[in-house]
Amino acid sequence: SAMSSSSSDHSVPLVQDNITAFLDGVDTFLLDCDGVLWCGGDAVEGAAKTVSFLREQGKKVIFLSNNSTRARADYVTKLTKLGFDAEVDEICNSGYATAAYLESINFQKTAYLIGQEGLGKEFAAHGIKYRGVAEHGTPPASLADVLDQLEVDPEIGAVVVGFDIRVTYSKIAFALHQLQHNPGCMFIATNTDSTFPSGSKGLLPGGGTMVKMLSYSSGLTPLVIGKPSHVLHEILKAKYDIDVARTCMVGDRLNTDIQFGVQGGMQTLLVFTGVSKEEDLRAESLALHPSHTLQSFGDLHKLAQSQ
């Protein structure tokens, strides 16, 4: 039936008639955050009530975000401020997942991070040595400045790129220098989202923008950790005991959230409070059809409680 199929070529809108069967078939909800739970600085109306409702129904909730700029503890703070109940262990964002991946391969060297303080915090929490973040953060006055900063640090075993609002030419040049001259240096992207929703001003450049600067200049393809990467499936399986067939990925983007769910054999729910719109469903290739759609995640508890 369409109820259980995660890759049928049409999406079933959640309505009163099918909401009970849908909920009965799901034990774990993986929730994207930006565009699902909030947009810009504001919570999506009713979304916190939906999360509470799902918990009351005995569902497991995991917050699965491609944002690498906040450490897990800071995510809890933001969720709490917006009215959501959340614990650190329920947060799996791309910064945490990247550090967890490096830990899982017993990475012993130093990582050079192009990213924000939250990414550094996650690396520190995992006991992984790093440099970068604020380093090379001053825009260079001249090319001579850039050249002066370039040196091969033999301790660097990975260049990790995430969203960085303070990205500079110096950071990109230093990272490229390591990739070119450090044998075996890995190139890792926390995520490759091209954009993210700002709320009132449309789309803003996403973390993939910084990744592309380095992949383009180096000619290398990074190992991507965030959605829709298979690496994230492995981390989820290792950290959380989930049955993928009884798991639903809730997201606002076809090419990250929904692709991640479909490739992982999960049920998928696309909401229209973020990036993807209803007309996009008609244009996308059939492989990317979510199993279900709903205008807003905030509507789910109302539907279910109207039974």
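Eigenvalues of the Cα gyration tensor times 5, then square-rooted: what semi-axes does that give for the stretch 21-91, in whole angstrom, largest first?
Calculated on Cα positions only, the semi-axes equal 20, 13, 11 Å.
Determine the percent antiparallel among the DSSP beta bridges restricted to the chain, to the nearest 5.
Here the antiparallel bridges make up roughly 10 percent for the chain.
Against the 2.2 N^0.38 Å scaling, with N counting residues, where does the stretch 162-307 land? I'd like the Cα-based Rg ratio to two decimal places.
Here the answer is 1.23, to two decimals.
Do the sum for the chain: with -39,500 (n - 2.57) for every DSSP H run of n ≥ 4, divided by all residues, what is the mean residue ellipticity at 222 nm, to the nearest 500 deg cm²/dmol?
-10000 deg cm²/dmol
Fully extended, how many nm does the chain gain between Ala141 and Lys212 (0.36 nm per residue separation, minus their Cα-Cα distance)?
Net length gain for the segment: 23.2 nm.
Using the Kirkwood formula over every pair of different C-alpha atoms, what hydrodynamic radius in Å results for the chain?
For the chain, the Kirkwood estimate is 20.0 Å.
At 0.36 nm per residue, minus the direct Cα-Cα distance, what do Thr80 and Lys277 gain on full extension? Give it in nm, one decimal, please.
68.1 nm is the gain from fully extending Thr80 to Lys277.
Among Leu220, Leu14, Leu270, which one moves the most in a GNM of the chain with springs linking Cα atoms closer than 10 Å?
Leu220
Enumerate by residue number the trypsin sites (Lys or Arg not before Pro) in the stretch 193-261 meeting two conditions: DSSP loop (anything except H, G, I, E, B), and at most 11 other Cβ atoms within 10 Å of the site's Cβ.
Lys201
Taking amide H atoms as placed 1.01 Å from N in the peptide plane, list the residues 5 or more away in sequence, or in a different chain, whose amide H sits under 5 Å from that of Val224.
HN-HN under 5 Å from Val224: Ala189.
Need one number: nm distance between label points at Leu204 and Val88, each 7 Å from Cα along Cα→Cβ, rounded to one decimal.
2.7 nm
Compute the relative contact order of the chain as a whole-number percentage, counting only Cα pairs closer than 8 Å that sit 6 or more residues apart in sequence.
25 percent
Report, please, the projected area of the stretch 88-221 averaged over directions, based on the convex hull of its C-alpha atoms, in nm².
Over every viewing direction, the Cα hull of the stretch 88-221 projects on average to 9.0 nm².
Quick one: check the C-alpha center-to-center distance for the stretch 238-280 versus the stretch 83-150, whole angstrom.
Cα centroid to Cα centroid, the span is 26 Å.
Restricting to Cα atoms and excluding each atom paired with itself, what does the Kirkwood estimate give for the stretch 65-124 in Å?
12.0 Å
Which value results for Rg/Rh of the stretch 128-184 when Rg is the Cα radius of gyration and Rh the Kirkwood radius based on the inverse mean 1/r?
0.94
Pop a pseudo-label 7 angstrom from the Cα along the beta-carbon direction at both Asn106 and Asp42 and give the gap in nm to one decimal.
5.2 nm
For the stretch 1-124, I need the span (max minus min coordinate) of the C-alpha atoms along each principal axis, in Å, sorted largest to smallest.
54, 32, 25
FYI, it's all coordinate maths here, none of it is from the lab. Here the structure is a predicted model, which means the values were calculated and not measured. Note: ideal-geometry Cβ built from the backbone for every residue, glycine included; neighbour counts use all protein chains shown.
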